[in-house]
1. Just need the relative contact order of the stretch 195-254 here, percent rounded to a whole number, with Cα pairs under 8 Å and 6+ apart.
2. Using per-residue counts of other Cβ atoms within 10 Å, averaged over each peptide, order 327-340, 241-254 from highest down.
3. Once each part is reduced to its C-alpha centroid, what is the distance from the stretch 103-163 to the stretch 190-216 in angstrom?
4. Before anything else, pin down the relative contact order of the chain: Cα pairs under 8 Å, at least 6 apart, normalised by residue count, whole percent.
5. Would you calculate a helix-derived [θ] at 222 nm for the chain, using -39,500 (n - 2.57) for each DSSP H run of n ≥ 4 and dividing by the full residue count, to the nearest 500?
6. 7 Å from Cα along Cα→Cβ at both residue 293 and residue 56: what's the point-to-point distance in nm?
7. Working from Cα positions, state the angle (0 to 90°, nearest 10) between the long axis of helix 186-197 and the longest principal axis of the chain.
8. Neighbouring Cβ atoms within 10 Å as the yardstick, rank 49, 298, 164 fewest first.
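Values in this text are rule-based calculations from the coordinates and carry no lab data. Owing to the predicted nature of the structure, the values given are computational and were not obtained by experimental measurement. Ideal geometry is used to build each Cβ from the backbone, glycine not excepted, and the neighbour counts take in all protein chains shown.
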Ligand SMILES: [Zn+2]
Ligand SMILES: [Zn+2]
């Protein structure tokens, strides 16, 4: 099998060849049909997250080992199944849930594998889909996509589940008050589309890039606001009739989190999803006096993945611009994303 691997942090991915694995036990082997290029791949590629103040969280300290085949938004066609892999058969087209845990601890057993302290996420801690084949350890991570086009289903594995998980945390105000979405990249447009599908009241999208704001407007945003405007918080407060009940920050930079906090109404909540990096200082009395919540949201559970696919089956595939590229163009795709030139999602098509 062929894969493109990170062999050195930040250096171009290298073409590698290995024997194609044979699935044993409960394992399932897939031919990769679609592999989304996600913004978090840029952090994995760099090898660190920015913690602000010059500090870095190194991925090697979290157990990420090189060479690594990245790619955690995968759809594949089953080509071989292990003798104990029940309920799946050759030829099925499956969305791969990549947020694997150990499968045995209390967290994993209650369905929160994505919070497991020994994560085995596909494309992060074990080989992902920037390859022609992908080995998945158990059929429970596979979801039949039926007739959803593979390149549109693939982004559901990260971009989809991440924004779905964040939107669920908004709670009851989702259907009654507009939600503020910071960041109108691939994640933002996915969030907007799922927000609509979930019966959301309206979305105000905030971004510094006029091209991305325009894309958000086209995708159905109620209004858009320039994050770089000196009165951006004031504009958000006006657009939400006195302050936001929920802000979903898909960027996660010092400035965006601060903007989100400044825009909240009393009792409001900011849900931080983005990993851009930075830090903020919050006066502690603000928490009780403004009754505010700062919550982090990290991908989603197997149950949420099933819910998301059910939502997509009922309401249609998220209306997200998707462009496809051959597997061999993976380095160009990553560089395009790094340069901020991508509207929507780039998806590699290794099977073509
Ligand atoms: Zn576990
Ligand atoms: Zn991702």
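1. 25
2. Packing proxy ranking, top to bottom: 241-254, 327-340.
3. Cα centroid to Cα centroid, the span is 25 Å.
4. 19
5. About -7500 deg cm²/dmol.
6. 3.5
7. 80
8. Neighbour counts put them in this order, fewest first: 298, 49, 164.
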